[in-house]
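Peer 1: Sharing a structure with you now.
Derivation of every value follows stated rules applied to the coordinates shown; laboratory data play no part. What you see is a predicted model; the values in this text were computed from it and never measured. Cβ sites come from the backbone with ideal geometry, for glycine too, and all protein chains shown count toward neighbours.
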Amino acid sequence: MVKYSVSITWSEEDEGFIAIVPELNGLSAFGKTYKEASEEIEVAIENFLKTLKDEKIPIPKPKKLEEYSGQTRLRMPKKLHRILTSDASNEGVSLNAYMVFLLTMHANVHRQIKDSLWLDKIFPDFTSESSESFQEEFGDSQATPVSDDQENYVDMMKPKEKVTW
């Protein structure tokens with residue numbers, strides 16, 4: 001059983017998936033499919049660890065998932081602090097709640113954009129025409145419903161005053 005972190009990414013250049021183990025000096029394996037890359041990296045890890053053991057080289061410890069407190073210290077320009085505090089007050093929420101909302105919205109939008117770019121690489125032939133036929137056959141293709149807050153996200157993010165840092 002593999003206990004190391006494995007990152008599997010599509011490679012346009014190689015026309016396949018590259019699996020990488022960061023803890024093992026970037027040990028990598030290739031597969032035409034995701035599953036094949038996953039299986040290949042497991043074999044590569046076993047062989048790499050056996051070689052390290054045979055050569056009496058210390059074996060790197062696997063990374064463990066860290067627990068987070070949910071707290072962080074953030075420094076920002078005074079003007080941004082004032083704007084965020086004012087906006088939070090206008091929304092009737094605490095500054096902390098407002099900043100968590102903004103960070104969550106940004107993270108979700110960023111992840112959706114990142115995921116859509118990843119899908120374009122895997123399914124390059126998935127054009128707008130095929131998207132329309134997919135929607136006709138299976139309904140709305142959105143994985144998660146868009147809340148009113150998300151629809152208004154762009155409007156909410158427009159500064160109420162010109163921001164200069």
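Peer 1: Order by neighbour count: Val93, Val21, fewest other Cβ atoms within 10 Å first, most last.
Peer 2: Numbers: Val93 14, Val21 22.
Ranked by crowding around the Cβ, least crowded first: Val93, Val21.
Peer 1: Subtracting the Cα-Cα distance from 0.36 nm times the residue separation, let me have the gained length for Thr33 to Ser7 in nm, one decimal.
Peer 2: Between Thr33 and Ser7, full extension yields 8.0 nm more.
Peer 1: I've got another one for you. Which order results if Ile41, Ile83 are arranged by neighbouring Cβ count within 10 Å, fewest first?
Peer 2: Fewest to most other Cβ atoms nearby, the residues stand as Ile83, Ile41.
Peer 1: What full-extension length gain, to one decimal in nm, is calculated for Glu46 and Lys79 as 0.36 nm per residue of separation minus the Cα-Cα distance?
Peer 2: Working it through step by step, the gained length comes to 6.5 nm.
Peer 1: Read phi for every residue in segment 36-47 and hand back ³J(HN,Hα) as whole Hz from Karplus 6.51 cos²θ - 1.76 cosθ + 1.60, θ = phi - 60°, with x for Gly and Pro.
Peer 2: Running phi through 6.51 cos²θ - 1.76 cosθ + 1.60 with θ = phi - 60° gives 5, 4, 4, 5, 5, 5, 5, 5, 4, 4, 4, 5 Hz.
Peer 1: For a test of understanding, tell me how many lysine pairs in segment 18-79 have Cα atoms under 20 Å apart, given they are 8 or more places apart or on different chains. Numbers along the way, then the final one.
Peer 2: Numbers: Lys50/Lys61; Lys50/Lys63; Lys53/Lys61; Lys53/Lys63.
Taking segment 18-79 as the scope, the lysine pair count is 4.
Peer 1: Given a cut-off of 17 Å, what percent of all Cα-Cα pairs of segment 7-54 lie beyond it?
Peer 2: The share of Cα pairs beyond 17 Å in segment 7-54 comes to 30 percent.
Peer 1: To one decimal place, what orientation-averaged projected area in nm² is obtained for the convex hull of the Cα set of segment 32-101? Mind showing how you got there, number by number?
Peer 2: Numbers: hull surface 39.0 nm².
Orientation-averaged projected area of the Cα hull: 9.8 nm².
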